[in-house]
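Nothing in this text is a laboratory measurement; each read-out follows from the coordinates by a stated rule. Everything quoted here is computed from the prediction, not taken from an experiment. Heads up, the Cβs are rebuilt from the backbone with ideal geometry, glycines too, and the neighbour counts pull from every protein chain shown.
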Amino acid sequence: MRTARANFHCRSILSGLLLFLLALLGHRAPAFPPQKSTKEELLVLPGEAGRSGGRLVVSLRGEPKTLNPLIAADARSREVIGVMQADLVHINRATQLTEPALAKSWKISPDGLTYTLVLRQGLKFSDGQPLNADDVLFTFRVYLDENVHASQRDLLIVGGKPIAVRKVDAHTVVFQLVKTYGVGERLFDGLAILPRHLLEKPYQEGKLGQIGSLATAADQWAGLGPFRVKEYVAGQRLVLERNPYYWKSDAKGNRLPYLDELVFLFVPNADAQVLKFQSGETDVISQLGAENFSVLSRQQRGYTMVDAGPGLEYNFLFFNLNDAGDKTSPEMQWKQRWFREVKFRQAVSAAVDREAIVRLVYQGRGSAIWGLVAPGNRRWGNERLAHPARSLERARTLLKEAGFSWSNGPNGESTLLDSSGKPVEFSILTSSSNADRAKMAALIQDDLKQLGMRVQVVPLEFRSLLDRVTQSKEYDACVMGIASFDADPNTDINVWLSSGGTHLWNPSQAHPATPWEAEIDRLFEEQMSARTFEQRKKLFDRAQEVLAENQPMIFLASPNILAGAKNSIGNFQPAVLEPYVLWNVEQLYLKMGTENATR
Amino acid sequence: MIVRRAFTRWLVALAVLHGIVVCAGFFAPYDPVEQDRKNPYLPPMRLHLADAHGHLHARAFVYSLKLREGSFDQYEEDTTEPHPVKFFLRGARYRLLGFLPCQMRLFGVENARIYLLGTDAYGRDQLSRLLFGGQVSLLAGLLGAGITLLIGLSVGSVAGYFGGWRDSLLMRVAELFLALPWLYLLFALRAFLPLAVGPLKAFFLIIAVIGAVGWARPARLVRGVVLSAKERDFVRAARGFGATNRYLLRRHILPQTSSVLLTQAAILIPQYVLAEMTLSFLGLGVPEPVPSWGNLLSSLQQYSVLVSYWWMYLPTVVMVPFFLGYLGLASSLQERGETYKIEGRSVGSLT
């Protein structure tokens, strides 16, 4: 043990010296580590070989909160962390299938309870420290420690018990589950392996939650991703540099990533992102709205816009089905009597003009949806799910069956009345910062007006909207969207389980409020432990049918993933999964003779 | 005499403009909230006299627009069939002046739709929205200015006439109001209100808020006039004969504030129309889909709209004659006031 540690120290001093030398030489020197260990097992990526050098500039909507994967909750932090960290097994964003990452291979025991992962040999963190099984052990100890409050913890509790991690040798780790887990090795995607040599001390001092701010010094932070911290200018940009120890190479044997630098510019909003891209200050752009996409497509100057096709985002309308008991206001009780009526929700769903949403909100760059599986998800959709066209007649029949009636006003407009003669009026919340959803709400408002419902659209700042939906529960209905980060149904399990915190229409229930919610709970729990894809698919199909029948969420539309890049960027292949453009950042390169163009 | 002529001219021009807005139902071809979902962001149609084959037509006509192949938002004229513009057509039902049921529309086309100022994101006719939006915005301006002047008149006359501690108190409060950052006040006020406010409620709320915020300046002006008027010889004489405060105020003093008030009204109305537009632009005004001039402009907050659809700017152009009319009226009112001025002291100013 002692010798091992001494050796470790020696090495760290050596690599420190090397780094120092490299720094002296400046970054023009080839950034490959000079001593090429024969033991190093690089992952060789297929595909077009690029050219080393250059810098890629990307804009972010606002500043990321942290570099620390343990506390990152916002999308911007996740995007930045994504290029600085690596996981054991990774989901390929293009194929949506798993592939080896830090673990070169894995084996699942026949009973599905034991996962044995073998790490690549000779890998190093971005500060030159070696990676071994102890780092993996430490990582999972931290994730599972309740005091750390890591957001990853929930994912690692299977069957009510945390996953047990055991080291076999320096490069083999065994994960022991108490119950089979349908997700399989996908579970490891996105779980960054942390550098024990840097984080053990703060962990023991209980300070893990406080480290990893953007201002962290470059030598205090390390990861296994393609880039590492170089410079941070508050309010302006975060500059990352190439990780010289990265563990992937291209088919020709060149170590990846190709780029020397990756710069994240902080801009206030989506429009600013478009302006920066248009003026050539940034090299790639993603998460574009359809209207901005067509502006950029129209004025193409040295860049290419790509419609990557349907993504995983689904937008929906839902009603407040919470049961606040005696605290419910009398008005709310009235309204909830309508909202709880299945036929009322089905009628609303039948009246919504989804095609118009796709055409007017997404300019045709999207798809209408009738279920929770967005069209970008290739494996999990239920093909038997009906896609009924818009029908006001069907909506009227349903409402009539549920005891609603109409009264005619003096101007010929009709008003929908419930069985006790009260006019049907409610409001729909939308996020004021999301123009797309505000538009959807306005279209729904007009659709429902034709049924005689008086609907108000209320734009609210997103934070207070979320607070109303999940905390105070003072709202009638709401238009929202969720972008799953993986195609597996378990990704959004918190939305579908009645006990889930984001079970939006009635979150965090102690017991399922309705029989169909109980059935969904059961189906989801069964598919969690089902072993084969076919079994899981069958259960998940049934869950989709139950949801479609009961319409707790009225699914509306899903936008295509729209992105763009300068023509000088090679290997640009936007995926429909997050991070849409930077998923293959290690393979992005600047084409010959264009290096100066990006300055 | 010249002043009076200018005054009449401005007044007539404004009356015509307001008449058009009041009778929006007649002048607008369509219902302002009706969505034509096949035609979002349609550019303004051009009126033609000669068709695609070079034939001249006696009646102006338009061509329908269709999406250019492979595009989602670029339209081109469909020259297969001209649609002549007809006058005094029967269209969708509306209520003239809010109560007269009517179907007659000034113009329109048959078997097609005409959009002279284009459409917005939902395919709603911009011209109709502009006219109906004027009803909301102008009425908000008029009523708001009315409230302001009423408060300003009462506060100003009490402060000026009675003087003393009342004067000090009221004028300090007025100064406080002048110093308030009213936009933020409105934001704060909106946060306290219930979540969903109906269009009518929201409208009266805006009027009340706008009207209550701006009274300080007219109050100070009125106070100045009252202060000087109450020391005039004929007022003193009347007081000497035993006239009561009420009689003096009503008969001798308040009439003298009329020219200040009128000038102020002509200045305040466009100001308050702008205030309503600001609020609606920021989403604090009348809720969609009810049109108001501010709502019409609010889509310009998006960069894509700003650079793609120039006809979304048109509402700003149409507002110019209204504001010009009011400002012209204000300046001619002021000039008229000055010709009638007795002691050569200026009252009311164009600030």
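For the residues B:311, A:338, what sequence is obtained by ranking on other C-beta atoms within 10 Å, fewest first? Walk me through the numbers on the way to the answer.
Values: B:311 17, A:338 23.
Ranked by crowding around the Cβ, least crowded first: B:311, A:338.
What full-extension length gain, to one decimal in nm, is calculated for residue A:109 and residue A:166 as 0.36 nm per residue of separation minus the Cα-Cα distance?
Numbers: separation 57, 0.36 × 57 = 20.52 nm, distance 1.49 nm.
Stretched fully, the residue A:109-residue A:166 segment lengthens by 19.0 nm.
Can you run phi through the Karplus equation (6.51, -1.76, 1.60; θ = phi - 60°) for region A:432-441 and list ³J(HN,Hα) in whole Hz, with x for Gly and Pro?
Here the 3J(HN,Hα) series is 6, 8, 10, 4, 4, 6, 4, 5, 4, 4 Hz.
Where does each of B:316, A:282, B:244, A:180 land when they are ranked from fewest to most other beta-carbon atoms within 10 angstrom? Display every interim value, and only then the final one.
Working: B:316 13, A:282 25, B:244 10, A:180 16.
Lowest to highest Cβ neighbour count: B:244, B:316, A:180, A:282.
Where a Cα-Cα gap under 25 Å defines reach, which lysines qualify for residue B:230, not counting those fewer than 8 residues away within the same chain?
Correct list for residue B:230: B:341.
Check the straight Cα-Cα distances from residue A:201 and name the lysines below 22 Å, setting aside those fewer than 8 residues away within the same chain.
Leaving aside lysines fewer than 8 places away in the same chain, those within reach of residue A:201 are A:124, A:167.
Nearest 500 deg cm²/dmol is fine: what mean residue ellipticity at 222 nm does chain A get from its DSSP H runs of n ≥ 4 alone, each adding -39,500 (n - 2.57), divided by its residue count? If you can, show how the numbers build up before the last one.
Numbers: 15 runs with 167 residues, N = 599.
Taken over chain A, the calculation gives -8500 deg cm²/dmol.
With the dipole of region A:442-599 worked out from charges on the C-beta (+1 for Lys and Arg, -1 for Asp and Glu) around the Cα centre, which of A:540, A:573, A:494 lies farthest toward the positive end?
Positive-most Cα among the choices belongs to A:573.
Taking each residue of A:224-231 in turn, how many C-beta atoms of other protein chains fall within 10 Å of its C-beta, and what is the average? Before the final figure, lay out the partial values.
Details: counts 0, 0, 0, 0, 0, 0, 0, 0.
Rounded to a whole number, the mean comes out at 0.
Points 7 angstrom from Cα along the Cβ direction at residue B:239 and residue B:12: gap in nanometres?
Distance between the two pseudo-spin positions: 4.5 nm.
Amide H neighbours of residue A:458 under 5 Å, at least 5 residues apart or on other chains, H built in the peptide plane: list them.
Amide H to amide H, under 5 Å and 5 or more residues apart or across chains, residue A:458 pairs with A:428, A:429, A:430.
Is the protein assembly as shown best put as rounded, prolate or oblate by its Cα gyration tensor, with a ≥ b ≥ c the root eigenvalues, rounded for a/c under 1.5, and otherwise prolate when a/b is larger than b/c, oblate when not?
Working: a/c = 2.04, a/b = 1.78, b/c = 1.14.
Judged from the Cα gyration tensor, the protein assembly as shown comes out prolate (a/c at least 1.5, a/b above b/c).
My understanding is that a pair violates if its Cα-Cα distance is over 27 Å; which of A:343/A:439; A:248/A:537; A:230/A:591 do that in this structure?
Working: A:343/A:439 25 Å; A:248/A:537 34 Å; A:230/A:591 24 Å.
Over 27 Å apart, Cα to Cα: A:248/A:537.
Report the charge-dipole magnitude of region B:1-55 in Debye, nearest 20, computed about the Cα centre from +1 at each Lys and Arg Cβ and -1 at each Asp and Glu Cβ.
Values: 6 positive and 4 negative charges, 84 e Å.
With Lys and Arg at +1 and Asp and Glu at -1, about 400 debye.
May I ask you to evaluate 6.51 cos²θ - 1.76 cosθ + 1.60, the Karplus curve with θ = phi - 60°, for each residue of region A:527-540 and list the ³J(HN,Hα) values in order in whole Hz, giving x for glycine and proline?
5, 4, 9, 5, 8, 9, 4, 4, 4, 5, 4, 4, 5, 5
So which helices of chain B fit the span-like rule, where a helix is a whole DSSP H run, its Cα atoms reach 18 Å or more along the axis, and its mean Kyte-Doolittle is at least -0.5?
Passing helices, by number: B:2-22, B:126-162, B:164-179, B:199-213, B:216-230, B:258-281, B:314-340.
Need one word for region A:146-261: rounded, prolate or oblate. Basis is the Cα gyration tensor (sqrt eigenvalues a ≥ b ≥ c); a/c below 1.5 gives rounded, then a/b vs b/c decides. Don't skip to the end; give the middle numbers.
On the way: a/c = 2.14, a/b = 1.36, b/c = 1.57.
Verdict is oblate for region A:146-261.
Would you please give the FRET efficiency between residue B:162 and residue B:189, computed as 1/(1 + (r/R0)^6) with r the Cβ-Cβ distance and R0 = 25 Å, to the nearest 0.05? Working shown, then result.
On the way: r = 31 Å, r/R0 = 1.25.
Given R0 = 25 Å and the Cβ-Cβ separation, E is 0.20.
Would you work out if region A:81-162 is rounded, prolate or oblate? Take a ≥ b ≥ c from the square roots of the eigenvalues of the alpha-carbon gyration tensor; rounded if a/c is under 1.5, else prolate when a/b is larger than b/c, oblate otherwise. Write down the numbers at each step before the final one.
On the way: a/c = 1.41, a/b = 1.11, b/c = 1.27.
Rounded.
Show me the ranking of peptides A:161-174, B:91-104 by mean Cβ neighbours inside 10 Å, starting with the highest. If you can, show how the numbers build up before the last one.
On the way: A:161-174: 15.9, B:91-104: 12.6.
Output ranking for A:161-174, B:91-104: A:161-174, B:91-104.
Can you give the FRET efficiency for residue A:462 and residue B:59, using 1/(1 + (r/R0)^6), R0 = 51 Å, r = Cβ-Cβ distance, to the nearest 0.05? List each step's numbers first, then the result.
On the way: r = 52 Å, r/R0 = 1.03.
After rounding to 0.05, the efficiency reads 0.45.
Give the long-range amide H neighbours of residue A:125: residues separated by 5 or more places, or on another chain, with amide H under 5 Å away, using H modelled in the peptide plane at 1.01 Å from N.
HN-HN under 5 Å from residue A:125: A:131.
Taking the number of other C-beta atoms within 10 Å as the exposure measure, put B:75, A:245, B:313 in order starting with the fewest. Display every interim value, and only then the final one.
Working: B:75 17, A:245 24, B:313 13.
Ranking B:75, A:245, B:313 by Cβ neighbours within 10 Å, fewest first, gives B:313, B:75, A:245.
Please identify which residues in region A:301-338 have an amide N closer than 20 Å to a label point set 7 Å out from the Cα of residue A:51, following the Cα→Cβ vector.
Once the point is set 7 Å along Cα→Cβ of residue A:51, A:302-304 turn out to lie under 20 Å by backbone N, inside region A:301-338.
Could you work out, residue by residue across A:439-445, how many beta carbons of other chains sit within 10 Å of that residue's beta carbon, and then give the average as an integer?
Values: counts 4, 0, 1, 5, 4, 0, 5.
Per-residue shielding by partner chains comes out at 3.
Would you tell me the mean number of C-beta atoms belonging to other protein chains that fall within 10 Å of each C-beta in A:291-297, as a whole number?
On the way: counts 11, 5, 2, 6, 8, 1, 2.
Average per residue, whole number: 5.
Once amide H atoms are built 1.01 Å from N in the peptide plane, which residues 5 or more positions from residue A:60, or in another chain, come under 5 Å H to H?
Excluding prolines and chain starts, which carry no amide H, the hits are A:265, A:266, A:267.
Pairs of alpha-carbon atoms within less than 8 angstrom and 6+ residues apart define the contacts here; what relative contact order does region B:70-112 have, in percent?
Taking the mean separation of contacting Cα pairs over the length of region B:70-112, I get 40 percent.
Residue by residue through region A:508-524, which ³J(HN,Hα) values in whole Hz follow from phi under the Karplus form 6.51 cos²θ - 1.76 cosθ + 1.60 (θ = phi - 60°), with glycine and proline marked x?
6, 7, 6, 10, x, 6, 10, x, 6, 5, 5, 5, 4, 3, 5, 4, 5
Assuming R0 = 45 Å, what is the FRET efficiency of residue A:220 and residue B:300, from their Cβ-Cβ distance, to the nearest 0.05? Before the final figure, lay out each step's value.
Details: r = 46 Å, r/R0 = 1.03.
According to the calculation, E is roughly 0.45.
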